[in-house]
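Data first, discussion second: the structure below is written as structure tokens.
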Amino acid sequence: MKQAAKKSSSIPAQDSASDLIDGRIEELSDWRGDTLARIRALIKAADPEVVEEWKWRGVPVWSHGGIICTGETYKSVVKMTFAKGASLDDPQGLFNSSLEGNTRRAIDIREGEKINEKALKALIRAAVALNAAGKAKVKTNVARAVKK
């Protein structure tokens, strides 16, 4: 029995999503890594309960009651794609990409562009609230269906 415990403890633990995101930031080692690190910090500041995930073969994802947004890195932009962005109010006009879709909206951040931190945090909080409202709506609809 002790051997089995030893054997299983010698298997390396899989990297956590947070570790993988750290690695991506470090690997980029240019303005894109700095930008990804900055938006990550803003997301965590806006929602301290955010969950970091690593999906689709290497895309950082932030969730709380559902996906809030992704942090994709390309040659000329860091893209924050909000899963339910089309349903969010964007009074500061942060969304500048994927505007034609019915569900998602994105923010493309280019080298040297300043991030409106206050507006971005408000957008993140709104996405979290939308996820929470969606869960409540689903629970309410289930409750109504059970009563019928």
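Just so you know, all these numbers are worked out from the coordinates, no wet-lab data involved. These numbers were taken from a predicted model, which means no experiment stands behind them. Counting neighbours? That spans all protein chains shown, and the Cβs are built from the backbone with ideal geometry, glycine included.
Things worth noting here:
- Percent RCO, i.e. relative contact order, over the stretch 14-147, from Cα pairs under 8 Å lying at least 6 residues apart: 20 percent
- More than 20 angstrom apart: percent of Cα pairs within the stretch 14-147: 46 percent
- Peptide ranges 84-91, 39-46 listed from the most packed, as the mean C-beta count within 10 angstrom indicates: 39-46, 84-91
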